[in-house]
1. Of the conditions (1) more than 16 Å from Met132 (Cβ to Cβ); (2) exposed (fewer than 15 other Cβ atoms within 10 Å of the Cβ), Lys173 fails just one. Which one is it?
2. Determine whether segment 92-99 contains at least one residue that is surrounded by fewer than 14 Cβ atoms within 10 Å (Cβ to Cβ), in the same structural domain as Leu111 (by TED's automatic domain parsing), touching a helix residue (DSSP H, G or I) at 6+ places or on another chain (Cβ under 9 Å) and part of a helix (DSSP H, G or I).
3. Filter segment 32-46 down to residues that are of a type in the set (D, E, K, R) and more than 16 Å from the chain's Cα centre (by Cα) and give me whichever is farthest from Leu111 (Cα to Cα).
4. Quick check on segment 47-71: of everything there that is polar (S, T, N, Q) and closer than 27 Å to Ile109 by Cα, which residue is surrounded by the most Cβ atoms within 10 Å (Cβ to Cβ)?
5. Since Gln79 meets every condition but one in (1) assigned by TED's automatic domain parsing to the domain that holds Leu7; (2) without any contact (Cβ under 8 Å) to a residue 40 or more places away in the chain; (3) of a type in the set (S, T, N, Q), which condition does it not meet?
6. Go through segment 1-23 and report how many residues are part of a loop (DSSP other than H, G, I, E, B) and without any contact (Cβ under 8 Å) to a residue 60 or more places away in the chain.
7. Can you tell me which residue among Ser34, Ser64 is among the hydroxyl-bearing types (Ser, Thr, Tyr) and touching a residue at least 40 places away in the same chain (Cβ under 8 Å)?
8. Under the condition of being among the small types (Gly, Ala, Ser) and assigned to a loop (DSSP other than H, G, I, E, B), which residue from segment 47-79 is nearest to the chain's Cα centre (by Cα)?
Amino acid sequence: MTTSNQLSPGMTIQIDGKIYRVETVVKVAAPKGSPFIKTKLRNMITDEVVEKSFKLQQEIKEVSLVEHTLEFLYPEGKQYLFLDIANLEQVSVASGILGEKIHYLKEGIQLKAMFYGSTIFSAELPQFLELMVVKTEGGSEEGAVSNTTKKAILETGAKVLVPLFIESGDIVKVDTHAGEYIQRV
């Protein structure tokens with residue numbers, strides 16, 4: 001067991017059956033009364049941030065998350081099916097955990113997932129992916145300004161702004177964290 005005095009940002013703890021990541025820790029010495037530890041905790045499932053105070057030396061259960069590499073296979077209803085590279089087992093991931101990342105998924109894409117037991121708490125795509133443009137919308141090259149962009153729809157369904165010279169069939173490098181075009185490949 002860990003005590004409240006040992007808490008530090010980045011730790012993962014369990015309180016009332018819920019898993020939280022410690023965001024901030026402050027030791028408060030009140031003029032009257034006993035000192036305590038004030039924290040901000042992020043719920044690993046709902047992403048909600050809560051404030052919680054602990055007594056000094058209060059026991060807290062620290063948990064270890066395990067990282068697995070998953071390879072995307074295909075969507076299945078509101079779930080997404082992945083193959084765990086380490087043990088070759090199929091893993092179903094809810095769309096809520098993936099969030100906006102679902103727009104960058106195609107067969108064979110690998111991502112890092114954090115597990116506690118058999119529960120997945122987060123999934124992280126590689127920062128850069130190379131994807132094909134299937135359609136471009138808007139934009140006109142006649143009298144165009146050099147910084148003008150147009151909307152492109154990628155093979156995964158993601159939409160990004162690209163320069164006017166990008167056409168359907170081009171392969172582009174995309175920053176999946178920012179959702180932005182980087183370069184033509």
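1. Of the numbered conditions (1) more than 16 Å from Met132 (Cβ to Cβ); (2) exposed (fewer than 15 other Cβ atoms within 10 Å of the Cβ), the odd one out for Lys173 is (1).
2. So in segment 92-99, the residues surrounded by fewer than 14 Cβ atoms within 10 Å (Cβ to Cβ) come out as 92, 94-96, 99.
Adding the requirement that they be in the same structural domain as Leu111 (by TED's automatic domain parsing) leaves 92, 94-96, 99.
Applying the additional criterion that residues be touching a helix residue (DSSP H, G or I) at 6+ places or on another chain (Cβ under 9 Å) yields 95.
Retained after the next criterion (residues that are part of a helix (DSSP H, G or I)): 95.
Yes; the residues of segment 92-99 include at least one that is surrounded by fewer than 14 Cβ atoms within 10 Å (Cβ to Cβ), in the same structural domain as Leu111 (by TED's automatic domain parsing), touching a helix residue (DSSP H, G or I) at 6+ places or on another chain (Cβ under 9 Å) and part of a helix (DSSP H, G or I).
3. Of everything passing the filter in segment 32-46, Lys32 is farthest from Leu111 (Cα to Cα).
4. Looking at residues that are polar (S, T, N, Q) and closer than 27 Å to Ile109 by Cα, I get Thr69.
5. Every listed condition holds for Gln79 apart from (1).
6. 7
7. Ser64 is the lone residue from the list that is among the hydroxyl-bearing types (Ser, Thr, Tyr) and touching a residue at least 40 places away in the same chain (Cβ under 8 Å).
8. Selected residue: Ser64.
The values are calculated or read from the model by the stated rules, or taken from the named source; none is laboratory data. Source: prediction; values computed, not measured. As a convention, Cβ positions derive from the backbone with ideal geometry for all residues, glycine included, and neighbour counts pool all protein chains shown.
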